Amino acid sequence: MPTQRTLEAQRLEFAQRPLIATPIAGLIAWSVVAISALFLDSYSVSIVLFIATGMIVYLGMFISKFTGEDFLSKDKPKNTFDSLFFYTVGMSFLVYAIAIPFYLIDITSLPLTVGVLTGLMWLPISWIIQHWIGVVHGVLRTLCVLVAWYLFPDSRFLAVSVVIVLLYLFAIAVLYHRWRQLQVQT
């Protein structure tokens, strides 16, 4: 009978991963939204935003095959924190129940609501990997998205997207550096 790994052992195992596949997917999705905002009207960009952000998890699953994370690998042992991560992804989908009604009232509310609400999943990641990046990304994302939304009322889709793209670039760099440091230590 195989021995069961403790939650702490599984948390440590999860934290040893690069954890960049999903942020890279988010970077791509929000970049597509930003580029679309340069050429399309608000309604068309909102459709792009719905599709692009709805595809982040699927794009992340694909990218994970190239980052060594391989979310869907059948070869690695089950890890409770993989399940928790996918629950946070589910939480991000559920927040559309807040975003959509506001979108129906004010189309330009969409980048604000989706940008902030989907950024909430970064907080549990900080706890799981015991690193500051998730809290910093989540808090900065909330504050900067809100500020950009107010400062650029005529370019909300573009301004919010640019903020999120820049924060993703920062987070990916920090996560990659963190992972490289872990590789040196082992």
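Among the residues of the range 106-133, just one is assigned to a loop (DSSP other than H, G, I, E, B), among the hydrophobic types (A, V, I, L, M, F, W, C) and buried (at least 16 other Cβ atoms within 10 Å of the Cβ), namely I107. I'd like the residue in the range 134-186 that is among the charged types (D, E, K, R) and either part of a helix (DSSP H, G or I) or surrounded by 15 or more Cβ atoms within 10 Å (Cβ to Cβ) (or both) and, out of all such residues, is modelled with the lowest pLDDT. Across the range 134-186, the extreme among qualifying residues is R180. Among the conditions (1) at pLDDT 95 or above; (2) under 19 Å from V145 (Cα atoms); (3) surrounded by fewer than 20 Cβ atoms within 10 Å (Cβ to Cβ), the only one that I98 does not satisfy is (1).
Can you name every one of the helices (runs of 4 or more DSSP H) wholly within the range 1-86 that holds 3 or more residues which are touching a helix residue (DSSP H, G or I) at 6+ places or on another chain (Cβ under 9 Å) and buried (at least 21 other Cβ atoms within 10 Å of the Cβ)? Reasoning before the result, please.
Working: elements: 7-15, 21-39, 42-54, 56-67.
Hits in the range 1-86: 21-39, 42-54, 56-67.
The values are calculated or read from the model by the stated rules, or taken from the named source; none is laboratory data. Fair warning: this is a prediction, and the values are worked out from it, not measured in the lab. For neighbour counting, all protein chains shown are included, and Cβ atoms are generated from backbone atoms with ideal geometry for every residue, glycine included.
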